[in-house]
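Here's the structure we're looking at; comments come further down.
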Amino acid sequence: QVQLVESGGGLVQTGGSLRLSCATSGSSISIYTMGWYRQAPGKQREWVALITRGGSTNYTDSVKGRFTISRDNAKKTVYLQMNSLKPEDTAVYYCNANFLRITYWGQGTQVTVSS
């Protein structure tokens, strides 16, 4: 099993930056595809970014060029660097670990971008 704990959220102005961390414990995350999702008030949870066990990355169109996902398997941590933040990025951000049909979620961290 894998436990996920997100941190790094907060309040930032438009154009600012935040770095989210997802600290994991339990089993090694090296075999997992790790991802970030977000859920804004009144909206469904949406996928934001992922990084495969091989290090390949992919992003939803709205964050391409602004967000960067990375992983440090030795530290068992996944990061999401968020630059040029916009009010529409306001949401609770969740970390996700996925391998085949096994999925784990963190509890989320709030990101609020003021205009």
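The values are calculated or read from the model by the stated rules, or taken from the named source; none is laboratory data. Worth saying up front: this structure is predicted, and the values here are computed from it rather than measured. Cβ: placed from backbone, ideal geometry, glycine included. Neighbour counts: every protein chain shown. The protein model used for the area step is the full one, side chains on, heavy atoms only, and it has no ligands, DNA or RNA in it. Shrake-Rupley method; radii C 1.70, N 1.55, O 1.52, S 1.80 Å.
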Please tell me if SER28 is within 18 Å of GLN3 (Cβ to Cβ) and surrounded by 13 or more Cβ atoms within 10 Å (Cβ to Cβ). no
Which of the residues that make up the range 32-43 are surrounded by fewer than 16 Cβ atoms within 10 Å (Cβ to Cβ) and not in a loop (DSSP other than H, G, I, E, B)? GLN39
Here are some residues: ARG45, ARG101, ARG66. Which one is under 15 Å from the mean Cα position of the chain (by Cα) and more than 17 Å from VAL113 (Cα to Cα)? ARG45
Within the bounds of the range 8-25, is there any residue that is open to solvent by less than 50 Å² (accessible area, probe 1.4 Å), modelled with pLDDT of 95 or more and of a type in the set (D, E, K, R)? no
